[in-house]
Amino acid sequence: MFFSGYIGLLDSEKTEINTEGYFRVPVQFSALGGGHETRSEVPVLFPAPSAPWSDCYALGLFQNASGDDTAVIYWPVEYFRAAGTSGAYSVPENDTSLLIHDTSSLVVPEQTIGITRSGCLIVSNFIISIDDNGIESVVSAGSSSAVLPSDVLTSSSDLTGNPVEVSGVRTTIGAALASAALTGTGGSAGSTTVPVTMTAAPGALYALVFPASGSSTFDVTPNTALTLSISGGTPGQEQRVTLIIRQAATGYAVALPAAQVVSSSGVVTAGVIYVGGMPAVGTTSGQATIITFYTDDGGTTIFAKSGF
């Protein structure tokens, strides 16, 4: 089970709405599949409140049925529900279908851990660990034990070094992270951290490169029309490059690495083999696109598909 608890509605400030008659509804998200996909096991329906809805911009997963606790993770909905409307709110399936890409290490507050089918980024509110099935725990300090997110760490300001209480131990987030790194409590047994290269202003040309060993992720925010290329890799290894394209306030066109072309006479022009066709890159402000590139022969043959 990726998550079992409650789902609630948030406003534009990431604060839970307080519409009279509104309440969180129980939810269960299935265990992560081979593609790190999870979705609500039943359609999410918020019954009609006794007063008109306030603005609803995002969804959050909570451990408790009610209270002033913070959502463990949250993400925007594709189309927000405007204030003043009434009636029950049936959440579109695209907004409760998730792809989780960060399953190998500790996740810190405000870190993106995935994307919804509607293209919205999923963000953590806490320091959490995620195993191969789903959200496991908040990492405890100096031991392999753990506590759940609603019990500790209510503010990302604790990252500055202010003391916090974790599993009854007075510590700091930095110490907890250091302990996790030493004890191996920061992820699944035997997992490998995938390095991430974040580029906020790549310019007009940007090269994706398979590393000499293993896999890597490139998180790119275009600042102008962008053309991408891809190369590298080591023969005999299964390697992946995950590309995350985030559009900022202004969206820009992105040209993906050239596709392989086979002429009518059978002549092959080298390029990427896009499974199911070349993905479309969203250019809307705030939109994200994720594409995975794969090679097992040192980049001689590169496959790609939309998503993870």
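The values are calculated or read from the model by the stated rules, or taken from the named source; none is laboratory data. A quick note: this is a predicted structure, and the numbers were derived from the prediction, not measured. Don't worry about glycine lacking a Cβ; one is built from the backbone with ideal geometry, like all the others, and counts go over all protein chains shown.
A few notes on this one:
- Qualifying residue in region 31-41 (condition: part of a loop (DSSP other than H, G, I, E, B), touching a residue at least 60 places away in the same chain (Cβ under 8 Å) and more than 22 Å from Pro109 (Cα to Cα)): yes
- Sole exception among (1) modelled with pLDDT under 75; (2) more than 20 Å from Thr242 (Cα to Cα); (3) of a type outside the set (Lys, Arg); (4) outside any strand (DSSP E or B) for Thr103, by number: (2)
- Selection of region 256-296 for residues being loosely packed, with under 14 Cβ neighbours inside 10 Å and either under 25 Å from the mean Cα position of the chain (by Cα) or touching a residue at least 40 places away in the same chain (Cβ under 8 Å) (or both) yields Val275, Gly276, Gly277, Ala280, Thr284, Ser285.
For every residue, the table says whether it meets (1) more than 22 Å from Leu99 (Cβ to Cβ); (2) outside any strand (DSSP E or B).
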residue	(1), (2)
Leu208	no, no
Ser229	yes, no
Glu238	no, no
Ala249	yes, yes
Pro257	no, yes
Ile273	no, no
Val281	no, yes
Phe293	no, no
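- Flag if Tyr74 is over 16 Å from the mean Cα position of the chain (by Cα), under 28 Å from Ile244 (Cα atoms) and part of a strand (DSSP E or B): no
- Residue tally, condition under 13 Å from Tyr6 (Cα atoms) and crowded, with 18+ Cβ neighbours inside 10 Å, over region 45-54: 1
- The condition of being at pLDDT 85 or above and within 24 Å of the chain's Cα centre (by Cα) holds for only one of Thr193, Thr221, Thr185, that being Thr221.
- Those residues of region 1-26 which are free of Cβ contacts under 8 Å to residues at least 40 places away in the same chain and in contact with an Asp or Glu (Cβ under 8 Å, 6 or more places away or on another chain), in sequence order: Ile17
- Hits in region 8-24 - residues which are polar (S, T, N, Q) and either surrounded by 12 or more Cβ atoms within 10 Å (Cβ to Cβ) or in contact with a Gly (Cβ under 7 Å, 6 or more places away or on another chain) (or both): Thr15, Thr19
- Qualifying residue in region 55-65 (condition: among the acidic types (Asp, Glu) and more than 19 Å from the chain's Cα centre (by Cα)): yes
- Flag for Gln239 being more than 29 Å from Asp95 (Cβ to Cβ) and more than 24 Å from the chain's Cα centre (by Cα): no
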